[in-house]
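What follows is one structure encoded as structure tokens, with my remarks underneath.
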Amino acid sequence: MMKHIAGALIIAALSASPGLAQTQGQPSFAAAQKLFDGTCAGCHGEGGGGGDRAPALINNITLRPMTQAQIHELIKSGTPGGMPAFNLPDNQLQELAGWLRSLNQTAFDTKPAGDVAAGEAFFFGKGQCSSCHMVHGRGQVKGPDLSAIGRRAIVRELELVLENPTSQMGIHTTATCPRWAFCPDETWQIVDVKLRDGSSLRGFARGRAEQDLELQGLDGRMHFLTDKDYVEIAPQKASYMPPLQAAPEERRNLIAYLSSLGGVEPGAISGADAAISPEAINAVLHPKNGDWTTYNGNLGGNRHSALNQISTGNVQNLQMEWVYSLNVQGLETTPIVSDGVMYVTAADKVCALGAATGRELWCYMHAGDAGAGRNFGGPNRGVGLLGDRVFFTTHDAHLICLNRLTGALMWDVKMPDAPFRYGASSAPLVVGDLVIAGVSGGDSPLLGFLAAYKAGTGEQAWRFHTVPRLGEPAAETWKGRAMSIGGGATWLTGSYDSETGTLYWAVGNPFPATDGDERGGANLYTNCVIALDVKTGKLKWYYQFTPHDLHDWDATEPMLLVDAEYRGRPRKLLLQANRNGFFYVLDRTTGEFLMAKPFVRKMNWSSGFGADGKPRLLPGNNVTAAGVKGCPSVRGATNWYATSFNPDTRLFYVMAVEDCSIYRQTSKESQGYEGVRDPNDPGLKYLRAIDIETGATAWEIPQQGPQEANYSGVLTTAGGLVFYGETGGEFAAVDAKSGKTLWTIHGNQPWRGCPMTYLLNGRQYVAVASGSNILTFALK
């Protein structure tokens with residue numbers, strides 16, 4: 001009862017506050033509160049004052065930084081595993097969102113008096129605030145990012161923390177700290193650590209348990225310590241931040257500036273600390289032994305590791321080390337590990353973990369465009385790293401740059417420049433000082449493209465259109481009206497050859513997927529690999545795997561860049577097992593076609609390829625409205641999941657699917673009806689090892705269970721192993737030479753992630769996403 005009375009008093013005070021009184025044209029707050037009490041008070045209490053099952057919504061630290069549109073979307077969509085969605089009329093949603101926004105007025109809303117420009121000059125100059133804090137990509141990270149402090153704090157909180165930072169320590173919990181910019185609590189508490197070797201360290205305790213400590217040194221380096229490393233950890237009672245020393249005018253101007261900080265708006269930034277060091281670029285081109293710094297572990301796309309601590313002789317001793325849950329089912333992420341930190345993703349979410357323990361350091365969640373809706377269950381396959389930056393794409397086709405130590409937003413660019421329904425799901429590829437990303441959505445009308453952005457600022461460097469415009473080269477390969485909505489999505493991470501400066505990217509199917517009546521011709525550059533000059537985005541060469549595709553056979557499968565002896569001479573090769581059922585070998589320097597052999601037996605669209613690299617088509621494959629049986633299936637003989645080439649065995653490893661579909665001609669968006677399974681011809685998945693010289697299968701392991709549930713890729717290592725997820729639910733290691741299964745552990749989840757491996761403190765780990773969890777293994 002007292003809680004409800006207090007809530008009512010606060011509401012009355014807020015309603016009487018300047019700037020909150022209802023004006024003509026605003027939603028009725030009285031009507032909104034009545035609606036709230038009838039719908040939401042059972043959990044949040046009358047008037048939003050708090051209840052037994054949900055928190056108060058008055059001066060709520062989560063709602064503070066949210067716009068009215070974002071609160072509207074939150075009520076409409078709910079939260080995963082938490083608040084349900086409310087299917088209310090839009091006018092009622094607007095009223096509720098407006099009222100709740102009025103209860104959470106921040107410093108940004110109240111705009112206290114003062115000279116904002118002078119306050120900014122003080123922050124970055126005389127006040128030396130930027131020596132610890134970052135704003136919009138400028139400054140340092142010896143404390144939390146302040147880019148959105150105006151939306152996360154009220155004016156009085158700013159005043160208190162500037163006057164006496166130590167007195168404010170501990171007033172916020174660890175869970176809410178990342179949402180409140182100054183974060184004066186244990187996650188930014190200074191500790192002195194006495195090490196067993198007699199030396200000492202000082203820094204911020206970013207994570208701590210009984211037997212370990214994640215310490216951010218004052219130089220920005222992370223130290224991952226266990227009780228075997230230290231003797232004593234001594235927390236400091238005083239805040240690292242000193243009380244503000246400033247004249248009254250300077251103090252007022254600084255508070256006005258901090259209050260004006262409402263977050264990083266979408267678009268490239270200027271004035272940031274944008275320089276990318278040669279050392280950072282080299283760390284991606286030539287990763288440290290044991291680091292896994294790109295989606296496939298290396299820029300060449302071959303998911304093969306030189307680590308050999310875990311081998312055929314001891315893999316039976318592999319055991320679970322730790323588990324971390326992102327609380328989202330169907331994870332497709334590949335963990336990235338560098339300098340002891342692991343980065344993992346779910347839809348619109350990135351988390352940084354201590355790679356030895358799985359302890360969370362920070363998480364970032366992308367709010368999404370207003371009105372675009374939430375996509376909690378969509379895929380995201382990982383991040384790109386460069387220096388102090390982490391890059392990832394979002395379900396609404398934004399490319400995001402975060403600070404690597406704090407998870408703070410540095411820049412945010414929306415990649416599309418056309419009003420189609422674009423998305424993005426792949427890990428960006430970092431090459432030099434560029435970040436390269438593609439878009440998804442090719443089974444709906446869109447004009448595909450690939451774009452490169454400057455890592456420091458988010459400015460676009462170049463853009464390559466995978467579907468030409470009228471009058472451009474390759475436009476003649478489209479006959480009819482479909483070129484204006486031609487497809488050509490670029491939704492899987494590409495590969496890069498540093499010797500020639502060539503970027504290789506796979507392009508998806510044309511649209512409509514199974515109806516070619518308005519897109520006669522080969523339909524370039526769909527179903528192609530495109531080789532681009534990485535600095536300019538200019539086309540060097542292309543190869544089309546499936547001309548005029550009518551079966552939704554995206555070419556978006558991994559492309560492995562391999563230097564190997566091939567048919568008696570050293571060659572620079574590009575290897576790909578394609579969704580259309582053929583295994584291809586190309587010369588990656590020229591695009592010369594060298595070989596295409598089927599890696600599945602269920603094949604009825606082509607009898608093979610000529611020396612010119614063109615498929616020899618079989619009759620009876622023109623898709624009709626009534627339906628035609630086609631092999632491989634619409635999901636493909638393989639798909640986006642990782643493949644690998646082991647230079648020791650000279651074998652290529654792929655998860656292959658023997659399956660067919662009944663294809664029907666339709667010009668509608670893909671919803672599964674353009675290609676359905678033949679119930680009289682069930683599919684089966686295999687792990688296959690392929691000889692790259694002949695295309696012959698050296699060995700195979702049939703998978704038991706429904707093949708659609710398993711999207712596991714493979715990892716090979718110099719220890720002679722192949723790691724992959726079995727269709728039956730186990731995670732397995734097999735002998736790369738013979739295919740003999742040597743070790744399994746029950747995961748009991750459908751596999752949709754691809755395994756990786758890393759070395760930390762002299763110990764090799766293997767990690768893979770399973771269901772909603774990251775599973776990590778090491779030797780006993």
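Residue by residue, here is whether (1) under 30 Å from the mean Cα position of the chain (by Cα); (2) at pLDDT 95 or above holds:
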position	(1), (2)
P80	yes, no
D109	no, no
E120	no, yes
G139	yes, no
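Quick check on this structure: which one of A32, A54, A69 is in contact with a helix residue (DSSP H, G or I) (Cβ under 6 Å, 6 or more places away or on another chain), small (G, A, S), at pLDDT 85 or above and part of a helix (DSSP H, G or I)? From the options A32, A54, A69, the qualifying one is A32.
For G713, the criteria (1) within 22 Å of F582 (Cα to Cα); (2) open to solvent by 50 Å² or more (accessible area, probe 1.4 Å) hold in every case but one, which is (2).
Scanning region 189-239 for residues that are exposed (fewer than 14 other Cβ atoms within 10 Å of the Cβ), β-branched (V, I, T) and at pLDDT 95 or above gives a single hit, V231.
Look at region 753-766: where a residue is over 21 Å from A427 (Cα atoms) and a partner is not in a loop (DSSP other than H, G, I, E, B), sitting 6+ places away or on another chain with Cβ atoms under 6 Å, you get R763/A778; Y765/Y758; Y765/T776; Y765/A778. When region 310-361 is filtered for residues that are hydroxyl-bearing (S, T, Y) and over 19 Å from L409 (Cβ atoms), the ones remaining, listed by number, are S311, T312, Y324, S325, T333, T334, S338, T357.
Just one residue in the set L561, L618, L586, L574 is of a type in the set (A, V, I, L, M), under 23 Å from N296 (Cβ atoms) and open to solvent by 10 Å² or more (accessible area, probe 1.4 Å); that residue is L561.
Identify all residues within region 720-729 that are under 18 Å from V323 (Cβ atoms) and modelled with pLDDT of 95 or more; write none if there are none. Before the answer, list the steps.
Of the residues in region 720-729, the ones under 18 Å from V323 (Cβ atoms) are 723, 725, 729.
F723, G725 - these are the residues of region 720-729 that are under 18 Å from V323 (Cβ atoms) and modelled with pLDDT of 95 or more.
Please work out which residue is nearest to the chain's Cα centre (by Cα), limiting yourself to region 257-292 and to residues that are under 25 Å from P112 (Cα atoms) and of a type in the set (A, V, I, L, M). Checked region 257-292; the qualifying residue nearest to the chain's Cα centre (by Cα) is V264. Listed conditions (1) small (G, A, S); (2) surrounded by fewer than 15 Cβ atoms within 10 Å (Cβ to Cβ); (3) in a loop (DSSP other than H, G, I, E, B) are all met by A117, apart from (3). For region 740-751, give me the residue count where each residue is touching a Phe, Trp or Tyr at 6+ places or on another chain (Cβ under 6 Å) and buried (at least 24 other Cβ atoms within 10 Å of the Cβ). Residues meeting the conditions: 0.
Could you tell me whether G636 is touching an Asp or Glu at 6+ places or on another chain (Cβ under 8 Å) and crowded, with 19+ Cβ neighbours inside 10 Å? Taking the combined requirement at face value, the residue satisfies it. Picking from residues in region 352-361 that are open to solvent by 10 Å² or more (accessible area, probe 1.4 Å) and in a strand (DSSP E or B), the one that is nearest to D145 (Cα to Cα) is L361.
The values are calculated or read from the model by the stated rules, or taken from the named source; none is laboratory data. These figures come from a predicted structure and were not determined experimentally. Cβ atoms come from the backbone with ideal geometry, glycine included; neighbour counts cover every protein chain shown. Each accessible area value is taken on the protein alone, full model and side chains, heavy atoms only, with ligands, DNA and RNA left out. Shrake-Rupley method; radii C 1.70, N 1.55, O 1.52, S 1.80 Å.
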